[in-house]
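To start, the structure under review is shown below, and the notes come after it.
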Amino acid sequence: MPTMMRVLWLQSGGCGGCSMSMLCADTQDFAGLLRGAGLELLWHPALSQADGPDFVDLLQDAATGRERIDALCIEGALLRGPHGSGRFHVLAGTGRPMIHWVRELAAVAQHVLAIGSCAAWGGFASDPASATEACGLQYEDEVKGGLLGAAFRSRSGLPVINVAGCPTHPGWVLETLMVLAAGQLAEADLDALGRPRFYADQLVHQGCSRNEYYEYKASATQPAQLGCLMEHMGCKGTQAHADCNRRLWNGEGSCARGGYPCISCTEPGFQRPGHPFHLTPKVAGIPIGLPTDMPKAWFVALASLSKSATPKRVKVNATSDRVMLPPQPRKTGLR
């Protein structure tokens, strides 16, 4: 029987949203999915029965090497406050700060994963004015360091694997664990921020159901309208690294499909954009956050040309909450 990859999942300073998302995986048998992928869940705060002395014994055995940990998954920001003591988050039943446990367990784990943007970059808890002194496992926003330090490598030789998102898509988490269990994730499979490239090498914009409106720069001006959300409503889908509009959530939706702008939640610092999430900052009428790799002059020229060529149907529907003018049937020939 093949060796199972043993996963220990701890909840640090976060809302638990990544666990809730993972439980929405597209399967009728979550436990069977894990077993079939060669994953053994040693402990998870929402899925495991062991608590009290049994849980503490498990942690102690893992930290001393008596229990093998193949994948240490940390969800939530690491709270170092007050004054570096970590006492804002003492792991229940142990009397020790969570950050002490994470450091010890990371030192013996084969792989270390940051599950969600809080664990990866610090997230919402990491406001510089906060006494929590929160950070990510190996980053503080875009600055490398975090709790474990810039030079940290797990026993596999890999840095922290940042499965970023707020929350993460269940597929990002489970597929990362699956490729690790299969021994098929190398450092080359991680991007410059340690995110798995199978989802981070794409942009949210790709596959967006509003792309026709984007092409013509036919933009929504209010919530619930059908138009592109980039120009006025704060959408960062042309900059955000994720496959949300190709790998739909619950097989059905994404932020943009639900009428909400992409806030680029897989990126460091997304939680403090410097402006309201639902508004697009502009200079001289031009959005500051232009599409990735697109020179400003090109965007201005393209936008001007696109707007002048916008069909009436697209223009009207963009500022409506339903299709007001459907495409008209047109006789075409294969010529």
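The values are calculated or read from the model by the stated rules, or taken from the named source; none is laboratory data. Quick caveat, the model's predicted, so the values are computed rather than measured. Methodologically, a virtual Cβ is constructed for each residue, glycine included, from the backbone with ideal geometry; neighbour enumeration extends over all protein chains shown. Side chains included, ligands, DNA and RNA excluded: accessible areas come from the protein's heavy atoms. Shrake-Rupley method; radii C 1.70, N 1.55, O 1.52, S 1.80 Å.
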Original post:
Pick from region 9-32 the residues that are touching a residue at least 24 places away in the same chain (Cβ under 8 Å) and polar (S, T, N, Q): which of them is farthest from Gln110 (Cα to Cα)?
Top reply: Ser21
Original post:
Given the conditions (1) open to solvent by 10 Å² or more (accessible area, probe 1.4 Å); (2) within 27 Å of Ala50 (Cα to Cα); (3) not β-branched (Val, Ile, Thr); (4) not in a loop (DSSP other than H, G, I, E, B), and given that Gly93 satisfies all but one, which numbered condition is not satisfied?
Top reply: (4)
Subject >> Every residue from region 213-243 that is farther than 19 Å from Pro276 by Cβ, open to solvent by 20 Å² or more (accessible area, probe 1.4 Å) and at pLDDT 95 or above >> reply: Tyr213, Leu226, His241
Original post:
So, in region 102-113, of the ones that are open to solvent by less than 10 Å² (accessible area, probe 1.4 Å) and touching a residue at least 60 places away in the same chain (Cβ under 8 Å), which residue ends up nearest to Glu175 (Cα to Cα)?
Top reply: Leu113
Subject >> When residues of region 271-289 are limited to those that are part of a loop (DSSP other than H, G, I, E, B) and over 21 Å from the mean Cα position of the chain (by Cα), the one surrounded by the fewest Cβ atoms within 10 Å (Cβ to Cβ) >> reply: Ala284
Subject >> Failed condition for Ser85, given (1) of a type in the set (Ser, Thr, Tyr); (2) under 29 Å from Ile263 (Cα atoms); (3) open to solvent by 20 Å² or more (accessible area, probe 1.4 Å); (4) modelled with pLDDT of 95 or more >> reply: (2)
**OP:** Being charged (D, E, K, R) and open to solvent by less than 90 Å² (accessible area, probe 1.4 Å) is the filter; apply it to region 301-315 and report the residue that is nearest to the chain's Cα centre (by Cα).
**Re:** Lys307
Original post:
Among the residues of region 1-22, how many are open to solvent by 60 Å² or more (accessible area, probe 1.4 Å) and part of a helix (DSSP H, G or I)?
Top reply: 1
Subject >> Residue identified as in a loop (DSSP other than H, G, I, E, B) and more than 22 Å from Ile99 (Cβ to Cβ) among Ala31, Ala25, Ala46 >> reply: Ala25
Subject >> region 96-131: number of residues that are part of a loop (DSSP other than H, G, I, E, B) and modelled with pLDDT under 95 >> reply: 5
Subject >> Which numbered condition Ser130 fails, given (1) open to solvent by 30 Å² or more (accessible area, probe 1.4 Å); (2) polar (S, T, N, Q); (3) within 22 Å of Leu41 (Cα to Cα) >> reply: (3)
